[in-house]
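Peer 1: First, the structure itself, so that you have it in front of you.
The values are calculated or read from the model by the stated rules, or taken from the named source; none is laboratory data. Keep in mind it's a predicted model, so treat the numbers as computed, not measured. Positions of Cβ are generated from backbone atoms using ideal geometry, with glycine treated the same way; all protein chains shown enter the neighbour counts.
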Amino acid sequence: MAFVVMLINVINTNNLLAEGSKELNSNGGNRAYLFSSSTLNNASFPFPTLGTMKVYVKAGERIYVGSSAQGISTGTINLRAPDGNTYTSGTDALVGLIQNRAQEQAGPLPNAGGYTPFIKTVQPGQEGVWEIDFIAGNLGSDLNGNPPTVAANANWTQPAAEYITAFDVSVRNAANTGFVNGRVYTQVFSGILGTFNVGFNAIFHILTKDGYQYILNNNGQAGNGFTFFVNNKGFRGDDGKASYKSINGLSPNINVQDPRAPDTETDVTQKIFFNTPAADLPATANTPGAATTWLLQAPVVPVISNVTFTGAEGTPGMAGTSPLGGNFNFNITGNGTYVITLDINHNGLYTDAIDRKLTGQANAGNNQVFWDGLDGNGNKVPATNSTFQAGITIATTAGEVHFPFFDVERNVNGLLLTRTNGTYAPDDSLYWDDSPITVVGTPSNPVKNLTGLSSAINGHKWGSTTTNPLNDADFGNNKCIDTWSYIKSKPVISSVSFVTREADLSVESITASDACSGQIAVYKVVVKNSGPDDVSGGQFSFDFPATLTDVAVTSASITGISASSGGAVTANAYHANIDIANGAVRTFTITGNIAATANGDLAVSAGMLRPADVTDPDATNPDAAIPTDAANECDALPSGVGCNNIKTNIIHVTLAPNAGPDQTIFQYAQATMAGTGIGTWTQLAADVAKATITNITSPTTTIAGLDQLGLYHFLYTNINGCADTVVLKVISTDLAIPNIITPNNDGKNDVFKIVGLESYPGSQLLIFNRWGNEVYRADNYKNDWNGSGLAEATYFYILNRKEHTGEVTSLKGWVFLKLSK
């Protein structure tokens, strides 16, 4: 099979009483059956639809529809209104059925001899474009062979396949006095002729988005299965623009706009009408799905607008020097070519060898042209304090239509195309470029036509006639061939200005001293701008590990003019904005607490990051992304790995000693202190009294002589001079003797613990039962009696407390031993 893809625009006036297959078969040739399937697609039908047509209607008007497949198996007609409501003709075997050629020609009743239409009245709120699907009687997963070959004016029989032989959409006016023509169109027409050697002679009326109209006569185009649509680019290049070339082959990935998809700003599918578009069509209309579409527009005169220059990283009116550069942006209303010239030497002329010229193809809508920062001799344009001027000249086109042919073996008569409005209308010029096609059979002549030929003389002919219905071997077999036309308009001219910027930012130094964990580290970072331009909106960063906390930063200008703002510590980094003039130097002072667990090397780094669209000679990543990371900019081509924007500093951290937690000690008791690491114990001279340190060089030592109430301070200092302090608080030794113990191992009152007894070493404890029998004795009681082996009862104690003078004081009392049941 083969198919054709085309886009065109035309407005015509005639008083036909039906819109659909009647028009397709009114110019002789052979009948093209309408392909209807949402799932089947191949080289002939790459954009399948359910035979979808579209019609603009107003409230109060009525839509009359009919199909040769109505009521046959799955054959039906579905309608979708702009407000989202859907309707169907169901399976009725009469209402909506076009039974024969005579009914197709007559159109719907009340036309004499017409078919009985399915009718839907347009309600208020439903004005706009309705979509109508003509569902075939067989929607299988495989094509059911070729349909019978039928002359356009001959009788026919509806095949049981994915094809619609006849279809109609007619609009009845609100007064019910007549039909309104020029309302029905399609985005894409998929048809099949049944063989390779018969012609398709349908006449279409094409309407372009910019208001131009064409009449297209397919004039015997011969390809069995084909898809027909019209767009504004034909086959696109890798840049998304019109390639203006045919393609040597077929592929599911051919770069062409899907005609079923909504238009984009630059990719437009023109509308294919069956009659001259009605004069009462609006400029835009609602469609199903809460969207709108364009309809009848006044022809647009090409203009250029919104001319701007933006740096490669997004800064309006400013660009970094090479390798950054920037983009010229402009809107035009038609396709064309552009010439952008830059006055590099600022002499008001644009023709010097050093001046730069950019040329290329532009498309309707927004265009962007990149400038790489080089002059006309290929050298880097330096940063300057002056403004560059650029002139832009665009030769535009309008009403552009492309007819992509997919796998159409022969087009022996050529297309007949006439533009009916606009400058120099009527105009039948056509263009093509088949030079990429490998020649098989009879090629187009000429192979390349870029100056325009009259379609009445040569409408892009290729291939030769054949009597063999199975012969698909010719120039267009398995190829994609484009034909196009447009209006050439007078060039439009505009201009734009911009500046270039460059600055060499650097971290000159980072200084800090070795320190101990748990201590404060102080860093001084010196940064500089070696120009040639001032910098506004640069970034200073300081990265540090998690072992450095409570970071605080101050900064000051040393030389020249500079300022920082917005400084903030987040996670393990500090960031601040910096404005720094050419030649200026600024110092940042950073302090932070080193974690108590830190030990070994502590590495930090500082960085200077350029703002967008300011080139740093050795730290610019020309990837068009706004710079966010100094290392990413520093290690990029073309400068390569390494730059002066980043410096790293490493200090050695010694683990700080830990003298242990502060303690509360009873008067006269001894304290035990346990430090960490190698160090020496000393006592502060200002304490209430001098204590005795048993071993000043041992991490673990006892402290005696705590006879005075108050605070005692002891330093544990390591060999690097890092110290930690422990405080002993000596309190009064009044005893607290319990009167109950519950030895159930819950950690509460499990033993007979006399609070403060540790201040009276050598004290004796005696326990008696109620009969006066001694049941427990400890001559140096350690607070460890738990009543083991005794019954639950009340017991009596004698505590012979040994005083610090050597005397003994006897204290008596009772204690209840409670056992768990």
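Peer 1: Only one of these conditions is not met by Ser698: (1) at pLDDT 90 or above; (2) surrounded by 14 or more Cβ atoms within 10 Å (Cβ to Cβ); (3) out of contact with any Asp or Glu (no Cβ under 6 Å at 6 or more places or on another chain); (4) assigned to a strand (DSSP E or B). Which number is it?
Peer 2: Going through the list (1) at pLDDT 90 or above; (2) surrounded by 14 or more Cβ atoms within 10 Å (Cβ to Cβ); (3) out of contact with any Asp or Glu (no Cβ under 6 Å at 6 or more places or on another chain); (4) assigned to a strand (DSSP E or B), Ser698 breaks only (4).
Peer 1: Considering Arg586, Arg610, which residue is in contact with a Pro (Cβ under 7 Å, 6 or more places away or on another chain) and touching a residue at least 12 places away in the same chain (Cβ under 8 Å)?
Peer 2: Of the residues listed, the single one that is in contact with a Pro (Cβ under 7 Å, 6 or more places away or on another chain) and touching a residue at least 12 places away in the same chain (Cβ under 8 Å) is Arg610.
Peer 1: Which one of Ala112, Ala175 is under 30 Å from Ala283 (Cα atoms), without any contact (Cβ under 8 Å) to a residue 12 or more places away in the chain, small (Gly, Ala, Ser) and in a loop (DSSP other than H, G, I, E, B)?
Peer 2: Residue meeting the stated conditions: Ala175.
Peer 1: How many of the residues in the range 739-773 are within 25 Å of Gln667 (Cβ to Cβ), in contact with a Leu (Cβ under 7 Å, 6 or more places away or on another chain) and either buried (at least 16 other Cβ atoms within 10 Å of the Cβ) or without any contact (Cβ under 8 Å) to a residue 12 or more places away in the chain (or both)?
Peer 2: Number of matching residues: 5.
Peer 1: Tell me the strands (runs of 3 or more DSSP E) entirely within the range 299-393 that contain at least 2 residues that are aliphatic (A, V, I, L, M) and modelled with pLDDT of 90 or more.
Peer 2: Strands (runs of 3 or more DSSP E) meeting the threshold: 318-320, 336-342.
Peer 1: Could you grab me the full set of residues in the range 554-571 that are among the β-branched types (Val, Ile, Thr) and more than 17 Å from Asp543 (Cβ to Cβ)?
Peer 2: Once the filter is applied, which keeps residues that are among the β-branched types (Val, Ile, Thr) and more than 17 Å from Asp543 (Cβ to Cβ), the range 554-571 yields Thr554, Ile558, Thr559, Ile561.
Peer 1: Could you please give the count of residues in the range 388-407 that are closer than 21 Å to Asp267 by Cβ and hydroxyl-bearing (Ser, Thr, Tyr)?
Peer 2: Within the range 388-407, residues that are closer than 21 Å to Asp267 by Cβ and hydroxyl-bearing (Ser, Thr, Tyr) number 2.
Peer 1: Still on this structure, I have one more. Which of the residues that make up the range 255-284 are surrounded by 13 or more Cβ atoms within 10 Å (Cβ to Cβ), over 26 Å from Ala202 (Cα atoms) and in contact with a strand residue (DSSP E or B) (Cβ under 6 Å, 6 or more places away or on another chain)?
Peer 2: Within the range 255-284, Asn255, Thr266, Thr284 qualify.
Peer 1: Among the residues of the range 396-419, is there at least one that is hydroxyl-bearing (Ser, Thr, Tyr) and either in a loop (DSSP other than H, G, I, E, B) or without any contact (Cβ under 8 Å) to a residue 24 or more places away in the chain (or both)?
Peer 2: No, the conditions are met nowhere in the range 396-419.
Peer 1: Scanning for something under 30 Å from Val499 (Cα atoms) and buried (at least 18 other Cβ atoms within 10 Å of the Cβ), does the range 509-524 turn up at least one residue?
Peer 2: No: zero hits.
Peer 1: Could you list all residues from the range 615-634 that are under 25 Å from the mean Cα position of the chain (by Cα), of a type in the set (D, E, K, R) and part of a loop (DSSP other than H, G, I, E, B)?
Peer 2: Asp623, Asp629
Peer 1: Continuing with the same structure: Quick one: which of Phe274, Phe235 is closer than 18 Å to Val184 by Cα and not polar (S, T, N, Q)?
Peer 2: None of the other options fit; the residue is Phe274.
Peer 1: Something else now. Working carefully through the options Ile487, Ile481, find the one that is crowded, with 22+ Cβ neighbours inside 10 Å and either hydroxyl-bearing (Ser, Thr, Tyr) or touching a Pro at 6+ places or on another chain (Cβ under 8 Å) (or both).
Peer 2: Ile481
Peer 1: Still on this structure, please answer the following. Select, from Ala298, Ala285, the only residue that is more than 20 Å from Thr333 (Cα to Cα), touching a residue at least 60 places away in the same chain (Cβ under 8 Å) and in contact with a Gly (Cβ under 8 Å, 6 or more places away or on another chain).
Peer 2: The match here is Ala285.
Peer 1: In the range 558-573, what count of residues is obtained for those that are in a strand (DSSP E or B), more than 28 Å from the chain's Cα centre (by Cα), surrounded by 12 or more Cβ atoms within 10 Å (Cβ to Cβ) and of a type outside the set (Val, Ile, Thr)?
Peer 2: Total satisfying the criteria: 4.
Peer 1: Being closer than 30 Å to Asn253 by Cβ, under 33 Å from the mean Cα position of the chain (by Cα), among the small types (Gly, Ala, Ser) and part of a loop (DSSP other than H, G, I, E, B): is that true of Ser38 here?
Peer 2: yes
Peer 1: Could you check Asn421 against (1) surrounded by fewer than 22 Cβ atoms within 10 Å (Cβ to Cβ); (2) more than 19 Å from Pro323 (Cα to Cα); (3) at pLDDT below 90 and say which number it fails?
Peer 2: (3)
Peer 1: Given the conditions (1) surrounded by fewer than 16 Cβ atoms within 10 Å (Cβ to Cβ); (2) outside any strand (DSSP E or B); (3) small (Gly, Ala, Ser), report the number of the one that Gly787 does not fulfil.
Peer 2: (1)
Peer 1: Suppose the filter is of a type in the set (D, E, K, R), under 23 Å from Asn41 (Cβ atoms) and free of Cβ contacts under 8 Å to residues at least 40 places away in the same chain; does Arg260 pass it?
Peer 2: Against the criterion (of a type in the set (D, E, K, R), under 23 Å from Asn41 (Cβ atoms) and free of Cβ contacts under 8 Å to residues at least 40 places away in the same chain), Arg260 does not qualify.
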